[in-house]
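Below you'll find the structure, written out as structure tokens, and then a few comments.
The values are calculated or read from the model by the stated rules, or taken from the named source; none is laboratory data. Everything numeric here is computed off the predicted structure, so don't read it as measured data. Here Cβ is always computed from backbone atoms with ideal geometry, including for glycine, and neighbour counts include all displayed protein chains.
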Amino acid sequence: MKSILVHLPAYREPELIPTIESALSNAKYPKRIKFGICRQFKEEDGFDNIDKYRSDSRFKIIDLPYQEAQGLPYARGLINDQLLTDEDYLLQLDSHHRFDKNWDDYLIRLHNKLLKKSDKVIIGGYLPYYNPFNDPADRVQETWQTHVVCFYPHGTCFVRPGHYPDTKESIPGRYVSGHFLFTTNEWGKTIRHDPDIIFAGEELHMTIRSFTHGYDIYHLPKPVIWHATMREERDGMLVWDDFHKFGKDFNAGQNKARSKIRQLLRVEDNGFDLTGYDLGNKRTVQDYENFAGLDFTNHRIQQYTLDHKAPHNPPVSKDNPWVQSFYHCINVPKSEFKGNDYTSMVVAFDDADGNAIYRNDWDEHRIKEEFAKPGDWLSFENIFNENQDRKPARWVMWAHSKSNSWAERVESSL
């Protein structure tokens, strides 16, 4: 009987116990399911008390007071380094999931099938959503693949779930997901989680290291596990919320992690010792860029990738050009805009010569929606691509009102 370690890094998690119960009650062979849990807890919470499982030999638990938490990859590293022993398979999750009947048997059979195509296999990607307060009725009954959308300015990629092709077969993927990854014990022992990565960049770090160690990524062809994304009942008690309360600089940790990842990608040399967390010797970063249609140095994405077509990418051509990729988050105080009768708002990005590269006009409904959000700031993402060799140098927001025609104009250099 092949065994599976279910990897659960739980930070003040109301869904921890329901996740455990769903995994066990829906497994075809519950006795082969083991649990590696890093329980990052606040005693007063109570909802993640797992004392009833402590006498069960299938459960291996690290209890970590939430004040000592150091980020998600740190907790993942504790699980794989200390709790993963002789289990045959590793199922890396978050700690808020639901499971279909016989999920364990299905994953092992699919993994064995894919080993006929690849020497080393990861089954992973973004899982469909479930609602903890209306389950199973609200489970999304469609398969997703992971789409690469753009580059962040600091060099990692923005990825999100998207439509799966019309096939019942498992398709290759460009990216692993932190919240769902099924593979062998060997992966967990080899692709160790770098504790310097606080949160952002975790998935790119795992992807590029897995690929260069010889692993091929495949997506699930049907839903067998569901994942809950950010939930209102956890507002104010996530790790970055508590970092702020403790006076820890969450962003400083993020910036260090991104700098380390850029060195891993061989874009920069930032003086880090990557021993234990470096690339493999089976394939190179260039091999991955050719496979995925990404250019880490110049922040470009091939059109084939933006069209969400399954890799391996074809060579660059007229029909598959490089596209410059941009992501910018605008943050501006609401107090900059004094009016209450705006009819439209220009949001634009210009190059150094003042030529518009990207423009998105808000209508009256969007304006009211943005200003109605809690807080004193307008904060919103802007994602766009540019086929020509131009880069945005500044952003502009220009309001138009019923009473003053063109009104307040706010701009800032990038």
Among (1) crowded, with 21+ Cβ neighbours inside 10 Å; (2) not in a helix (DSSP H, G or I); (3) not β-branched (Val, Ile, Thr) - the single one LYS222 does not satisfy: (1)
Failed criterion for ASN134 (all others in (1) closer than 30 Å to ASP307 by Cα; (2) modelled with pLDDT under 95 hold): (1)
Scan the strands (runs of 3 or more DSSP E) fully inside region 1-80 and keep the ones with 3 or more residues being touching a residue at least 60 places away in the same chain (Cβ under 8 Å) and either assigned by TED's automatic domain parsing to the domain that holds GLN92 or surrounded by fewer than 23 Cβ atoms within 10 Å (Cβ to Cβ) (or both). 4-11
Which one of these is more than 24 Å from HIS154 (Cα to Cα) and among the hydrophobic types (A, V, I, L, M, F, W, C): ALA372, ALA356, ALA393? ALA372
Sole miss for ASN360 among (1) closer than 21 Å to VAL323 by Cβ; (2) touching a helix residue (DSSP H, G or I) at 6+ places or on another chain (Cβ under 6 Å) is condition (2)
Out of all the residues in region 255-288, which are under 19 Å from the mean Cα position of the chain (by Cα), closer than 28 Å to ASP307 by Cβ and part of a helix (DSSP H, G or I)? ARG258, ILE261, ARG262, LEU264, TYR288
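Before we move on, is GLU370 farther than 21 Å from LEU204 by Cα and of a type outside the set (Val, Ile, Thr)?
Details: farther than 21 Å from LEU204 by Cα: yes; of a type outside the set (Val, Ile, Thr): yes.
Yes.
Just to be sure before I move on: is ARG98 within 25 Å of the chain's Cα centre (by Cα), in a strand (DSSP E or B) and farther than 30 Å from ARG258 by Cβ in the structure I sent?
Judged against the criteria, ARG98 is a match.
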Give region 49-102 a look and list any residue that's acidic (Asp, Glu) and touching a helix residue (DSSP H, G or I) at 6+ places or on another chain (Cβ under 7 Å), or say none. GLU87, ASP88, ASP100
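How about region 302-404: which strands (runs of 3 or more DSSP E) wholly inside it have at least 3 residues that are of a type in the set (Asp, Glu) and buried (at least 16 other Cβ atoms within 10 Å of the Cβ)? Lay out the reasoning, then the answer.
Numbers: elements: 322-333, 342-350, 356-363, 377-386, 394-401.
Once the strands (runs of 3 or more DSSP E) in region 302-404 are filtered for at least 3 residues that are of a type in the set (Asp, Glu) and buried (at least 16 other Cβ atoms within 10 Å of the Cβ), nothing remains.
A quick yes/no check of all residues on (1) touching a residue at least 12 places away in the same chain (Cβ under 8 Å); (2) surrounded by 19 or more Cβ atoms within 10 Å (Cβ to Cβ); (3) touching a strand residue (DSSP E or B) at 6+ places or on another chain (Cβ under 8 Å); (4) farther than 18 Å from ASN26 by Cα:
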{"site": "LEU107", "(1), (2), (3), (4)": "yes, yes, yes, no"}
{"site": "LYS117", "(1), (2), (3), (4)": "yes, no, yes, yes"}
{"site": "LEU127", "(1), (2), (3), (4)": "yes, yes, yes, no"}
{"site": "GLN145", "(1), (2), (3), (4)": "yes, yes, yes, yes"}
{"site": "PRO161", "(1), (2), (3), (4)": "yes, yes, yes, yes"}
Of all residues making up region 294-321, the number that are acidic (Asp, Glu) and out of contact with any Asp or Glu (no Cβ under 7 Å at 6 or more places or on another chain): 2
When residues of region 238-254 are limited to those that are touching a strand residue (DSSP E or B) at 6+ places or on another chain (Cβ under 9 Å) and not in a loop (DSSP other than H, G, I, E, B), the one surrounded by the most Cβ atoms within 10 Å (Cβ to Cβ): VAL239
Filter result (surrounded by 12 or more Cβ atoms within 10 Å (Cβ to Cβ), under 31 Å from the mean Cα position of the chain (by Cα) and modelled with pLDDT of 90 or more) within region 405-414: GLU411
Are any residues in region 188-216 of a type in the set (Phe, Trp, Tyr) and either under 20 Å from HIS227 (Cβ atoms) or surrounded by fewer than 21 Cβ atoms within 10 Å (Cβ to Cβ) (or both), and if so, which ones? PHE199
Can you say whether SER344 is at pLDDT 95 or above and either in the same structural domain as SER379 (by TED's automatic domain parsing) or not acidic (Asp, Glu) (or both), as far as the supplied structure shows? yes
